[in-house]
Every structure is written in C-alpha cells, then in structure tokens.
Amino acid sequence: MPGLEASAPSRRRRPAGDGPLARFAKLVLPPIALFVVVVVLVELVVVAAGIPPFVLASPSAIFDQLVQYAPQVLAATLATGLNALIGLLIGAVIGVLLAIAASVARPIDGMLAPVVAAVAVVPIVALAPVFYTLFGSTSEVARILIASIAAFVPVFLNTLRGLRQVRPVHRDLMRSYAATPSQLTRLVTIPSALPHFFTGLRIASSLAVISALVAEYFGGPRQGLGSAITTAAASSAYARAWAFVIGAILLGLVFFVLTSLVERIASRHR
C-alpha cells in the first residue's frame, strides 16, 4: 500500500568506498603519514644543523640501534609490560570493587574520598625507594605495586561516576516492572557504568606503563626498559637509549589498543 510504503523506513545504502578497508585506511594512514613526515623533518634538521647526539639523536641512528639491539629491546619491553599488565589488573579490580562499595554506602564513600585523593598525588619517586626497601631490590613486587596504585585511581573515580549516573526514574521504571535487584544491576546499572569504566581503564593502561617504567629508574632488577634507558644514557649511547624509548612508546600503544579492543567487544554484547 502507498501509505505503508511511505511509512516504512528506507534502508540507506553505504557508499561504495565506505567498506571496512576504506575505514581502516582513513583511520590508520593519516597518523602514519604524519609520523613519516615528522621523522624526515627531524632527520633533515639534525643533519643540517649538526645537532650533537646527546641533544637529539638522528632518526636514522635510532633506527640502526633499534635493529641492532632488537632482542634486547624486545626482552626489556616484555619485562616492563608484564609488570604493567599485572599492576593494571590488580588496580582495576580493586578500583571497581571499592567503587561499587562507595556507590552503595555513603559512609564508605566518605572514608575513601580522602584516601583516594592522597593516593592520586603521591609521586612515584617517593614510593619506589620505600617499596624497594620493603620488598627487596631483586623483586618485581615494588614495580607491580606502583603500577597498581597508578591504575587504581582513574578506574575507581570513573567507575564510581558511572555507577552514579543511573537516573532514579530508570530505577523506578524497572521496579514498576517488578525487576529483581540482580536484573536492575544487570540491565541498568552496569550498562550505564561501562563507558565510564572503560574510560578509566584506558587512562589507567597508560599510567601503568609509565609508572612501571619510571619505577625502574630507582633500582630493582635491570631487565626493564627504564633500566635499559638509564644504562644506555649513562654510557653516552644516546641513540640506543632512544631505541629503548621507542620500545616504551610501542608498549604504551599496545596497552591502549588492547583496552580499546576489550571495550569494543564488551560494548558489542550490551
């Protein structure tokens, strides 16, 4: 019937150039092109201006060192990445559990607020020597704890905010449908809090990598990226130090991509 045809929603056809490959190219190619342009410009500036390596190593020298010391860079990246991953998981779990407790009971929220505020401003340079003294200079526990503390704060704050975003009218509507507390949590509270949780997790993933790396500057086992960077810089091998910095950058990107992938999978099943 004409009326039904007019009211039926028309399916929009995607343009021919809007497939997965085209979207991937639009997402990936611009930053790669920008990176290549920046590397070429830096190489030209360093060579033309004669900038010494201790000020800024040339990208070609860094690439040579990255290829030459690829096994060492990979081993150091895995060591730092493992500490950051364990710390991220511990901090995220504790952050979520305490956020749930704080959202349910106001007294717990009142007790946790000053503690979280204090933890958020504690510098890593102050914690690292204390933890190395407590757990020993040959243990990785200190670095894991530092990464956990760094990851805990954004996960806790963002998850707590998400749990409080549920509007009372939505809860009342579900109760009017005789929804059980478990159904209310599963259908209303968790979907509302998930975006905030993953925002905190993305921030925490970067902080965990940075914290685990910086903690390596102050002692402990010598197989991580931070130790490798300080050793190379102390030996005046500045291009090699930058090669390990590249490993740290790639590690941070891997953590960011993994957390984004987990968020995408979780959002697909909502």
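The values are calculated or read from the model by the stated rules, or taken from the named source; none is laboratory data. Keep in mind it's a predicted model, so treat the numbers as computed, not measured. So basically every Cβ, Gly included, is an ideal-geometry build from the backbone, and we count neighbours across all protein chains shown. For accessibility, only protein heavy atoms count, side chains too; no ligands or nucleic acids. Shrake-Rupley method; radii C 1.70, N 1.55, O 1.52, S 1.80 Å.
Quick notes on this one:
- Restricting the stretch 112-138 to residues that are touching a helix residue (DSSP H, G or I) at 6+ places or on another chain (Cβ under 9 Å) and closer than 18 Å to L88 by Cα leaves a set whose member that is modelled with the lowest pLDDT is I124.
- Matching residues, the stretch 224-266, being over 24 Å from V42 (Cβ atoms) and hydroxyl-bearing (S, T, Y): S227, T231, T259, S260
- Restricting attention to the stretch 42-57 and to residues that are under 24 Å from I229 (Cα atoms) and among the small types (G, A, S), the residue that is surrounded by the fewest Cβ atoms within 10 Å (Cβ to Cβ) turns out to be G50.
- Candidates P129, P114, P107: the one that is within 30 Å of W242 (Cα to Cα) and either open to solvent by 50 Å² or more (accessible area, probe 1.4 Å) or not in a helix (DSSP H, G or I) (or both) is P129.
- Leading residue by the ranking (nearest to the chain's Cα centre (by Cα)) among those in the stretch 214-270 that are among the β-branched types (V, I, T) and within 24 Å of A61 (Cβ to Cβ): I249
- Residues of the stretch 87-104 satisfying the condition of being farther than 21 Å from I210 by Cβ and open to solvent by 50 Å² or more (accessible area, probe 1.4 Å): L97, L98, I100, V104
- Only one of the numbered conditions (1) touching a Lys or Arg at 6+ places or on another chain (Cβ under 7 Å); (2) open to solvent by 80 Å² or more (accessible area, probe 1.4 Å) is violated by L82, and that is (1).
- Residue match in the stretch 55-78 (condition: among the acidic types (D, E) and either at pLDDT 85 or above or under 24 Å from I210 (Cβ atoms) (or both)): yes
- Some residue of the stretch 215-225 being among the aliphatic types (A, V, I, L, M), in a helix (DSSP H, G or I) and open to solvent by 40 Å² or more (accessible area, probe 1.4 Å): no
- Long-range neighbours under 9 Å by Cβ, at least six apart or interchain, first residue on the phi > 0 side of the Ramachandran plot within the stretch 132-146, second in a helix (DSSP H, G or I) and surrounded by 14 or more Cβ atoms within 10 Å (Cβ to Cβ): G136/A142
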